[in-house]
Amino acid sequence: MAKELFNRYIWLADTIHRAGQITFAGINKKWRQSSLSNGTDIALRTFHNHRNAIEEIFDISIQCDARTNKYYIENADEIDSNKLVYWLLNSFSISNILRKSGSIRDRIILENIPSSQKYLSDIVDAMRENRILQVWYHPFYEDTAFVIDLEPYFVKLFIRRWYVFGHSVDSEIVKVYALDRIDNLIITNHYFTLPSDFTPDNHLYDSIGIMKTENNKPVEIVIKVYGNHPKYLRALPLHHSQKEIETSADHSLFSFRLSPTYDFYQEIFSRRENLEIVSPQEVRDEFKKILTKISDYYGC
């Protein structure tokens, strides 16, 4: 029942969010067409109860314009900037599309994310209550798993893997652990206190991806982007610090302030010949070392 109510809340918020403004009759029509309704109407009292629950749980305020009798989301701009709520609404919208597309399901291809299937729910539960996890972690570079008492700070999805960030009770450094390298975990009855000044966004502020290392301080990096590829970076920036500082017919220059970690070089390499690191020289030289090693593999 709780899962069904949760799905109803997300459906209602998503429906109004996508419509912009919509009457109760319009909501009821879409409700009857949804897989949640079983062909029945949504009662006005139920609708208002759902409105109140949505505001309490997701901080989404659904209001009515008295002039048009249309409902709208008062803080719609805040939803677009709230990554979790936006992801929930977007995921539900996609899920709803898939449920209505049974006859063509083999023509809709999604990426498999195995790490979300086993331990993500337990980790989120532990985060909610600030409870310490006992984790049997088996990295690729070790023959056997080792045990960590982990204070889970936050989780992040990155390139088909979920990661949990936190620090073990015998270390003050926040580290990252891939969920698909966990052999087992237990939610303990021991609690931790999340530092009041800690936020995930601040922790990864200077990073692309999941990596943050103390010896990789943020630097100003300039990248030359060739051909039509600047359009891709304008549509989907590599990092929040991205700025286009020069534009010409055959290339553009973009500047970034970030830490040149492994994930950064992976991102640059994935763009192949479309990107060139211009400065600083030490970052350019580091990437050149990577290219030289690859070149040696192929006898170039």
Cβ contacts < 6 Å: first residue outside the structural domain of Met127 (by TED's automatic domain parsing), restricted to region 191-211; second residue of a type in the set (Asp, Glu), any location; separation 6+ or different chain. Result?
Ile208/Asp263; Ile208/Glu267; Gly209/Asp263; Met211/Asp263
Looking at Glu267, Glu246, Glu286, Glu282, which one is in the same structural domain as Tyr226 (by TED's automatic domain parsing), at pLDDT 90 or above and farther than 25 Å from Leu204 by Cβ?
Glu246
Flagged pairs (Cβ under 7 angstrom, 6 or more apart or on separate chains; first in region 140-165, on the phi > 0 side of the Ramachandran plot; second of a type outside the set (Lys, Arg) and not in a strand (DSSP E or B)) are Arg160/Glu111; Arg160/Ile113
What's the number of the condition Ser255 fails, among (1) surrounded by 12 or more Cβ atoms within 10 Å (Cβ to Cβ); (2) at pLDDT below 95?
(2)
Restrict the check to region 201-216 and report whether at least one residue is more than 21 Å from the chain's Cα centre (by Cα) and not in a loop (DSSP other than H, G, I, E, B).
no
Quick one: count up the residues across region 48-67 that are assigned to a loop (DSSP other than H, G, I, E, B) and surrounded by 11 or more Cβ atoms within 10 Å (Cβ to Cβ).
3
Tell me whether region 281-299 contains one or more residues that are in contact with a Lys or Arg (Cβ under 8 Å, 6 or more places away or on another chain) and surrounded by 13 or more Cβ atoms within 10 Å (Cβ to Cβ).
no
Look through Arg284, Arg257 and report the one residue that is in contact with a strand residue (DSSP E or B) (Cβ under 7 Å, 6 or more places away or on another chain), basic (Lys, Arg) and assigned to a helix (DSSP H, G or I).
Arg284
Single residue of region 188-240 satisfying the filter (touching a strand residue (DSSP E or B) at 6+ places or on another chain (Cβ under 7 Å) and hydroxyl-bearing (Ser, Thr, Tyr)) that is surrounded by the most Cβ atoms within 10 Å (Cβ to Cβ):
Ser207
Hey, could you check region 68-79 for residues that are free of Cβ contacts under 8 Å to residues at least 60 places away in the same chain and in a helix (DSSP H, G or I) and say which is surrounded by the fewest Cβ atoms within 10 Å (Cβ to Cβ)?
Asp77
For Ile42, the lone unmet condition from (1) modelled with pLDDT of 90 or more; (2) surrounded by fewer than 17 Cβ atoms within 10 Å (Cβ to Cβ) is (2)
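The values are calculated or read from the model by the stated rules, or taken from the named source; none is laboratory data. Keep in mind that this is a model prediction, so the values were computed, not measured. Because the Cβ atoms are built from the backbone with ideal geometry, glycine has one as well, and the counts that use them run over all protein chains shown.
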